[in-house]
1. Could you order peptides B:1-14, A:442-455, A:59-72 by the average number of other Cβ atoms within 10 Å of their residues, highest first?
2. Quick one: net charge of B:T202's neighbours, Cβ under 11 Å, K/R +1, D/E -1?
3. Mind checking the mean number of beta-carbon atoms from other chains within 10 Å of the Cβ atoms in A:439-452?
4. With a 1.4 Å probe, what is the total accessible area buried between chains B and A, in Å² rounded to the nearest 100?
5. Can you compute the FRET efficiency between B:R192 and A:K471 using 1/(1 + (r/R0)^6), with r the Cβ-Cβ distance and R0 = 60 Å? Round to the nearest 0.05.
6. How far is it, in nm, from the label point at A:L165 to the one at A:K382 when both lie 7 Å from their Cα along the line to the Cβ?
7. Where the centre of each part is set by its Cα atoms, how far does the range A:448-482 sit from the range B:188-211, in angstrom?
8. Which ³J(HN,Hα) values in Hz, rounded to whole numbers, follow from the phi angles of the range A:250-263 under the Karplus curve 6.51 cos²θ - 1.76 cosθ + 1.60, where θ = phi - 60° and Gly and Pro get x?
Amino acid sequence: MSSAIDQLEGLTTQEYKYGFVTDIDQETLPPGLNEDTVRFISARKEEPQWLLEWRLKAFRNWQRMKEPDWPNVHYPPIDYQAISYYAAPKSADDRPKSLDEVDPELLATYEKLGIPLEERAALAGVAVDAVFDSVSVATTFREKLADAGVIFMSISEAVREHPELVRKYLGSVVPPTDNFFASLNSAVYSDGSFVFIPKGVRCPMELSTYFRINAMNTGQFERTLIVAEEGSYVSYLEGCTAPMRDQNQLHAAVVELVALDNARIKYSTVQNWYPGDKDGNGGIYNFVTKRGACRGRNSKISWTQVETGSAITWKYPSCILIGDNSVGEFYSVAVTNNHQQADTGTKMIHIGRNTTSTIVSKGISAGVSNNSYRGLVKIMPKAEGARNFSQCDSMLMGDRCGAHTFPYLEVRNKSAQVEHEATTSKIGEDQIFYLNQRGIETEDAVSMIVNGFCKEVFRELPMEFAVEAQKLLGVSLEGSVG
Amino acid sequence: MLQIRNLRVSVDGQKILRGVNLDIQPGSLHAIMGPNGSGKSTLASILAGRDGYEIEAGSITYHGQDLLEMDPEIRAREGIFLAFQYPVEVPGVTTMYFMREALNAVRKHRGKEELSAGDFLRLARQKIKPLGMEAGMLKRAVNEGFSGGEKKRSEIFQMSMLEPTLGILDETDSGLDIDALQVVADGVNALRSPDRAFVVITHYQRLLNHIVPDYVHVLGDGRIVRSGDKTLALELERRGYSWIVPASGQAAAAGA
């Protein structure tokens, strides 16, 4: 390993050519996980002592933990010693030089999804210095954000430039001892994003397009921290409708959100990691911990997710409603096809008075897939006047797939109002025939019916993204009917 | 424009149509009557291309083409429109969006340009008004929460938008009160033209007071057992079906 370190040190003395956009070339650490691995990563990132301690604490805790076996998903045991925990982005030399070198099938999918031409190259992994447009766009965004006082940078950068902020909030919502995958992430996270919106500032743009271009190579252990100070607002968009391939099968990300008094955070995700082939070979295992703390009065955190990718999804974006009158929302569309398995939902923990939460979950299962909604609504004794509304709808395509709902309710305050509605429907041949009979072909008919089913969630997405998400659903379910 | 020859159809081994012959010329309106279970709706479904039927023998030629070889959406684009007996709800999809997609698919097939959102809306408003419906209906999800009468009027609205060459009405009168019946009939009559034909499937004669047929056919036991002009419908109203349709066959078919 020491020679690898030497090599790496040589490389890290190079300057960042493109700021946040590209990282320097790095070596890949050999497979295996022990304290040295954690120390290596921390050292490579030139992290302060407190962060190394923090990572080590997480690692030691992780060693004592058991992988959760309660989710309704099945996969062969993961050998955590067989994984490399420091996989560097491909160097520009290994990447395609232009779109001509990219798999035409991938490009055809971009076309179907309506991805703007200038973004296709970046998404297909064409060497970034060939993608001039994206770089200049990113730079422009960065200046505009800086003018508003918004901090938006990689979390490694933030550790160096704003250590006091990172130290104050990192792990404050998802502690490094929280759960098996969160602990693993805390120990070995590679990089991620840091967003800080100062008091009273409305972030001047959706943190979307910018991020989308940067979303490549975020690595398998991504860490995101967003802090919205008093009275601020930010809309953050993660992921991408374009299919994302990655040689790492295991992904364990952590996202933490903090909203202070009167702050609002809107976090939207489109997840389209490689789901594996039609026979269930390959595909990403996506074990994600996402949690937001509404710490301040009248604060609001809203999660919207469109999950179509990954072989296995294990994900429960949650809200801890601490401040009085705070609001938590969860809008979700989860699509599973072929052999995909998803166990996803949310947790709404009502602690403050008059806190409200809304859950709208739409699960669509096709092929031989399994789709589970798992949600917890917990009303604590002091949450006087808390209200929750949950709606969980499942749609089945064909008769070999499964849809499951696991709602958990814990109410410890008598004044609380909790409502839960659930429906299961089968996409009707009658519906498809009706649309066919009006001249609409089957593929478009399925897409129309499914999008109608998901409408309440799509309207929560930023406009431009909603359009892409609709197309994505059509593409994800292609060939699943008729 | 449409020739049905010796059409034999079964469902799950049960024979439903046992040799239907029918010729339809442009501009004509054919009423198809018959007791429950005589195969009327099956005939409508076969024309529109619904799955789940086994064509054992016979042919259907539409404008010189083999209709049975065409997918349902192609039939629709080629001008076949079925007003459903039970229009289907499509939650979350507005009638406006649905109809615009449909109309543009049909227009594209016919070599016409797709309509812009503005032009579409103007056209839709113009077509919806005579049917006694508010333009607000366009913003509602397809058939969701519609009353029986609203569903049937929406079918006629869709037909007037898509301007088919062959309109098939499958028991459009069922579940309609007398006022709604008149509105629907007016809608159909307004669409009658020398190059457009209709097949009107109905159980009762009363619809035919409002939509006057050129021909009336009685379907019994999977065959057309009698054809005549509009006076045949009146006679059926007076005498029922039993004098033409053999009781045993009727019972057997109803069992299907």
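The values are calculated or read from the model by the stated rules, or taken from the named source; none is laboratory data. All values derive from a computational prediction rather than experimental measurement. We place every Cβ from the backbone using ideal geometry, glycine too, and count neighbours over all the protein chains shown. Just so you know, the surface numbers come from the protein's heavy atoms only, side chains and all, with ligands and any DNA or RNA stripped out. Shrake-Rupley method; radii C 1.70, N 1.55, O 1.52, S 1.80 Å.
1. Values: B:1-14: 16.0, A:442-455: 21.9, A:59-72: 14.0.
The densest-packed peptide leads the list: A:442-455, B:1-14, A:59-72.
2. Numbers: positive: B:K40, B:R206; negative: B:D170, B:E171, B:D173.
The answer is -1.
3. Working: counts 22, 10, 7, 3, 0, 4, 5, 0, 0, 8, 6, 2, 3, 11.
Going residue by residue through A:439-452 and averaging, the value is 6.
4. On the way: alone 11900 and 20480 Å², together 30430 Å².
Chains B and A together bury approximately 2000 Å².
5. Numbers: r = 41 Å, r/R0 = 0.68.
The computed FRET efficiency comes out at 0.90.
6. 2.9
7. Value for the Cα centre distance between the two parts: 39 Å.
8. Each residue's phi maps through the Karplus curve to give 9, 10, 9, 9, 10, 10, 10, 10, 10, 10, 8, 3, 6, 8 Hz.
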